[in-house]
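Structure first, then comments.
A short reminder: the numbers here are calculations on the coordinates, not readings from a lab. Treat the numbers as computed from the prediction; the structure is a model and nothing was measured. Note that each Cβ is placed from the backbone with ideal geometry, even for glycine, and that neighbours are counted across all protein chains shown.
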Amino acid sequence: MNIIINGQKLEFKKEMSIKMFLDTKNISPESVVVELNQSIIPSENYHTTWLTSNDKLEILRFVGGG
Amino acid sequence: MPDDIFEIGGKQLNSRLFIGTGKYASDSMIPDVCKSTGAGVITVALRRVDFQAITDNVMQHIPSHMQLMPNTSGARTSDEAIRIARLARATGCGNWIKIEVITDNKYLLPDGYQTAKATEILTKEGFAVFPYINPDLYVARDLVNAGASAIMPLGAPIGTNRGIRTEEMIHILIDEIDLPIIVDAGIGKPSQACQAMEAGADACLVNTAIATSENPVLMGKAFAEAVQAGRNAFLAKARGTSPQAMASSPLTGFIRENEGQS
């Protein structure tokens, strides 16, 4: 399945939850905020939210700014 | 010093200097700058995680007592600003949001109409909204009506260090708008922050001038002192100017008078 994550199309062979994707990138769930198809996903739902083909996932975090 | 409590966005603050987290040579300086400035409010931006270069997390360097003020930088429309604001709040950082809606890439000047639209919607959703605007009286009035927590007029374009170029217009906002006025952007030197505070601004937000100085910790301290000096001067109410000299010392009892008499 193809999923667009942070604007990039990525292909996955297996089913994947948001939590599993974050784990593959070594991203701690509490350091990010996640939007799936323009809906914010609460962090407690990362492991129960499964990605499906053509989903648009945004994974964001705070950076330095003024 | 009488009590001079600064209440804003549902918080009581001890410092009228707000600081940013952008442009530091190393984010590890941020805790020391927080300490040297005594600031209670600090801005951050929200961006996509870069999976190719996962860097240090700026949040690790922000002391937990600080009030976070996420900005909506990168937003070009009110809808984009609203989306960023909701995401920022979903991090659990609180309900403060600095609205920046900018399409002009050369001068980074804010779009007042889009900013007011975003403010109106976000205040209804319970955000404490801090809109960054050109110091325009009518935009500021729209923002008052939209329920903003403060108005953040620019002194000069972001990152230019050019000082309070919009001084006269900021004075009009201070005079006419019954919300805190926080001068944001363009302040390059402590004396300029002091100047804004002397004129009656309620606070200043300084990022570039502190972060890009050779010694951000010391520059932060200088800004904190300048902001406080300006505030004290404002509270002390300066007398007006005079075209002619007005002696400070008595004009009687001079030693030279009548010296020849016995």
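Here are a few things to note about the model shown:
- DSSP bridge analysis restricted to chain B gives an antiparallel fraction near 15%, rounded to the nearest 5.
- Under 10 Å, Cβ to Cβ, from B:PHE6 - net charge with Lys/Arg +1 and Asp/Glu -1: 0
- Candidates B:ILE102, B:ILE187, B:ILE151: whichever shows maximal mean-square fluctuation once chain B is modelled as a Gaussian network with Cα springs under 10 Å: B:ILE102
- For A:VAL63, residues with placed amide H under 5 Å, excluding near neighbours: B:ALA45, B:LEU46, B:ARG47
- Computed FRET value (nearest 0.05) for A:THR24 with B:ALA245, which takes r as the C-beta separation and R₀ as 56 Å: 0.15
- As a rough footprinting exposure proxy, the listed residues B:ASP202, B:ASP79 were ranked by other beta carbons within 10 Å of their own, and the order from fewest upward is B:ASP79, B:ASP202.
- The lysines whose alpha-carbon is closer than 20 Å to the alpha-carbon of B:LYS98, local same-chain residues fewer than 8 away aside, are B:LYS11, B:LYS23, B:LYS117, B:LYS124.
- Under-5 Å amide H pairs with A:HIS47, H placed in peptide plane, nonlocal only: A:LYS19
- Phi-based couplings in Hz for segment B:145-159 (Karplus 6.51, -1.76, 1.60; Gly and Pro marked x): 5, 7, x, 4, 7, 6, 10, 10, x, 7, x, 7, x, 3, x
- Part-to-part distance (alpha-carbon centres) for segment B:110-179 and segment B:195-244, which is given in Å: 20
- One decimal place: the segment B:SER191-B:ARG48 gains 47.8 nm when fully extended, by the rule 0.36 nm per residue minus the C-alpha distance.
- Cα-based reach from A:LYS56 at 20 Å (exclusive), listing lysines while leaving out same-chain residues under 8 positions away: A:LYS9, A:LYS13, A:LYS14, A:LYS19, A:LYS25
- The mean sequence distance of close C-alpha pairs (under 8 Å, at least 6 residues apart), as a share of the length of chain B, puts its relative contact order at 17 percent.
- For the peptide B:55-66, the mean number of other protein chain Cβ atoms found within 10 angstrom of a residue's Cβ is 2.
- Per residue of B:42-54, other chain Cβ atoms within 10 Å of the residue Cβ number 6 on average.
- For segment B:116-262, the relative contact order is 17 percent, taking Cα pairs closer than 8 Å that sit 6 or more residues apart in sequence and dividing their mean separation by the residue count.
- From most to least packed by mean Cβ count within 10 Å, the peptides B:230-239, B:127-136, A:53-62, A:6-15 give B:127-136, A:53-62, B:230-239, A:6-15.
- Whole-Hz Karplus values for segment B:180-192 come out as x, 10, 10, 6, 9, 5, x, 6, x, 9, x, 4, 6 Hz, taken residue by residue from phi with 6.51 cos²θ - 1.76 cosθ + 1.60 and θ = phi - 60°; glycine and proline positions read x.
- Chain lengthening between B:PHE254 and B:GLU125 when straightened (0.36 nm per residue, less Cα-Cα): 39.4 nm
- Across chain A, C-alpha contacts under 8 Å between residues 6 or more apart give a mean separation that, scaled by the residue count, equals a relative contact order of 44 percent.
- Label zone (A:ASN2, point 7 Å along Cα-to-C-beta; backbone nitrogen cut-off 19 Å) within segment A:46-66: A:51-58.
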